[in-house]
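As structure tokens, the structure follows; a few thoughts come after it.
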Amino acid sequence: AVVYPCAAPRVRKAWTAWSAEERRRWIAAIRLLDAQGHYAAFVGMHLYNADLIHSTAQFFTWHRILTWEFENAVRASAPEHACLTVPVWDWPRAVSARDAA
């Protein structure tokens, strides 16, 4: 597998905290993974294992591994994606938005 260097530590941020440029690069990376067939492979892996993993003790561990491997695939997709990380869901913001509605 190709590994492009990234000197920055992996720090995951909420999508809402990303700059427009970070969002543009993320979308480009996902489109590239999709064009290469890798995105569908991750979706398929998740769907195939969903009944075996969800509602079990392995749920968090399995999803952390899947997320780590997905992030590695994103980072290996092109040099400009080498420092991308998977965005996190901002639960406090989502709950606040829901409660305000």
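Please treat every number below as a calculation from the coordinates, not as lab data. What you are looking at is a predicted structure, and each value in this text was computed from that prediction instead of being measured. A quick note on method: Cβ atoms are made from the backbone with ideal geometry, for glycine too, and the neighbour counts reach across all protein chains shown.
Tabulated data
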quantity: Helices (runs of 4 or more DSSP H) contained in the stretch 21-101 and holding at least 3 residues of a type outside the set (A, V, I, L, M) and surrounded by 12 or more Cβ atoms within 10 Å (Cβ to Cβ); calculated: 38-53, 59-76
quantity: Matching entry among Val11, Val3 (being closer than 21 Å to Ala82 by Cβ and touching a Ser or Thr at 6+ places or on another chain (Cβ under 9 Å)); calculated: Val11
quantity: Check on Arg23, touching a strand residue (DSSP E or B) at 6+ places or on another chain (Cβ under 6 Å) and not small (Gly, Ala, Ser); calculated: no
quantity: Cβ pairs under 8 Å, 6+ apart, first in the stretch 1-19 and touching a residue at least 60 places away in the same chain (Cβ under 8 Å), second among the polar types (S, T, N, Q) and not in a loop (DSSP other than H, G, I, E, B); calculated: Ala1/Asn72
quantity: Selection from the stretch 20-47 of residues that are without any contact (Cβ under 8 Å) to a residue 40 or more places away in the chain and β-branched (Val, Ile, Thr); calculated: Ile27, Val43
